[in-house]
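**Student:** Got a structure for you, written out below as structure tokens; questions coming shortly.
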Amino acid sequence: MPQSSHTCERTSAPSPPATNEERWALVLRIAASSSFRRSPRLRELLLYIGRRGIDNALEDLKEQRIGCEVFRRSQDYSPAEDNIVRVEAGILRKRLADYFSGDGRDEPVVLSIPKGSYVPVFEPMGLQRPPPLPAESSVDPVSPAPAPTLSPQPSVTFWRSISAALAVLCVCLAAGSFLLLRSANNHPGQNSSPLWNYLFDAKSRTYLVCADSALALLQDLTNSPISLADYVNGRYGADNPSAPPETRLLARVLPDKQYTSVADVYLISRFLGLAHDVADRVSIRTPRTLRVEDFKSSNFVLLGSSRANPWADLFANQLNFAWEFPNGEPPRIRNRHPLAGEQSVYVPQGRGYSATKTYAIVALVPNLSRSGNVLMIGGTSLIGTQAAGEYVTSADFQHFLTK
């Protein structure tokens, strides 16, 4: 096996940050490149985001404002119904990546627009790219350690763990996509339950929101919770100088990965079966493509606990039961007002698919404007969410509701 090399080199002083004039000049060069010359609307979006970002006009970088200013939408248009800004921003991110891997590969500064935000980020070339995984070392473990590097690097064992975890998530996505295609038509029952009348109708749009497995993985690995506010603002600890280097690197890499589980894809396929009569009014979304404003209209099905789907925190105050994630202990559910014979805390027994007992919260609450409804299904573990979702979408549950 190849040996990993360890060198100690003298590093040059870091480059000073680019001035606003240099940043704007970069934006203009990108806009004039071959990637943007034939896309006037995308060019206008780039110039708008670049100028407002440089001027720190963050209020102008909200989805609603961009839709009005760049795409000429009316002042009262709903981003939840018209996702043109999110779609075009996704294309813009790809074009920027293409530019810096092609015409702009010699640029000293890189412009990016992190997912989940429309605020541009200017970084010196190279800093925004994670280093390659270190090669496996064949050095005898009892031999003297090699010369130290100037910057501590994550261990090979650490990277093996991360690679294995991400590989599992990738497999989940691939298998889940197959499962969704195969079972979308095998719906568990007709849309006849009173519950589904609250979620699926011919007038309102319904969003099926899977869990963000990358977010849950990041919190598990770093042992640091990420609040809804930090999730929305894209703050994952990447700029925390006191955090270990591997934590900061993960906080930069994982937010760009949109992973979910086979269990969530399976449950979404069951919901699609229940909504087959109004399938054209149902959309599948990931948590990072949503905004608070989205929850003021439409119906939602949120899969996963608040740890994997932080939007559940928007409605936490309406619930009698709450998820808790104590450090070093299994997740649990708190019963805020126990009735006679009820426990105050529900703690699962065992972990993962070997658990002998697990718990989940199922709750139906109104959306933020009370114009629609939100169904939340989240367990203390993935298997808890899956079990609860299977029961809720089963014929037995529909029969129970119609008794």
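Each reported figure results from applying straightforward, stated rules to the coordinates on display, with no laboratory input. All values derive from a computational prediction rather than experimental measurement. Here the Cβ positions follow ideal geometry from the backbone for every residue, glycine too, while neighbour counts run over all protein chains shown.
**Student:** Taking 7 Å along the Cα-to-C-beta vector as the label spot, tell me the Leu364-Glu44 distance in nanometres, rounded to one decimal.
**Tutor:** Roughly 4.4 nm, to one decimal.
**Student:** Can you give the charge dipole size of segment 18-79 about its Cα centre, rounded to the nearest 20 debye, using +1 on the beta carbon of Lys and Arg and -1 on the beta carbon of Asp and Glu?
**Tutor:** Using only the charged Cβ atoms, the result is roughly 380 debye.
**Student:** Set the bar at 30 Å for Cα to Cα. Now go through Lys115/Lys357; Lys62/Lys94; Lys62/Lys257; Lys203/Lys357; Lys203/Lys257 and name every pair that lies beyond it.
**Tutor:** Pairs exceeding the cut-off: Lys115/Lys357; Lys203/Lys357; Lys203/Lys257.
**Student:** Distance in nm between label sites at Arg281 and Asp82, each 7 Å beyond Cα in the beta-carbon direction?
**Tutor:** It is 2.1 nm.
**Student:** Let me ask something else about it. Can you tell me how segment 257-403 classifies by the Cα gyration tensor, rounded, prolate or oblate, using a/c under 1.5 as the rounded cut?
**Tutor:** Details: a/c = 1.40, a/b = 1.35, b/c = 1.03.
Rounded.
**Student:** Tell me, what is the FRET efficiency for Ser74 and Arg291 to the nearest 0.05, using R0 = 25 angstrom and their Cβ-Cβ distance as r?
**Tutor:** Given R0 = 25 Å and the Cβ-Cβ separation, E is 0.90.
**Student:** Please work out how much length the chain gains when fully extended from Arg235 to Ser33, using 0.36 nm per residue of separation minus the C-alpha to C-alpha distance, in nm with one decimal.
**Tutor:** The Arg235-Ser33 span can extend by a further 69.6 nm.
**Student:** Starting from the Cα-Cα distance between Val119 and Val347, subtract it from 0.36 nm times their residue separation and give me the gain in nm to one decimal. Don't skip to the answer; put the middle values down first.
**Tutor:** Working: separation 228, 0.36 × 228 = 82.08 nm, distance 4.08 nm.
Here the segment from Val119 to Val347 would lengthen by 78.0 nm.
**Student:** Quick check: residue separation of Asp313 and Glu22 times 0.36 nm, minus the Cα distance between them. What number comes out in nm?
**Tutor:** Fully extending the segment from Asp313 to Glu22 adds 100.7 nm.
**Student:** Show the residues, 5+ positions off or on another chain, whose built amide H is closer than 5 Å to the amide H of Lys257.
**Tutor:** Result for Lys257 returns nothing.
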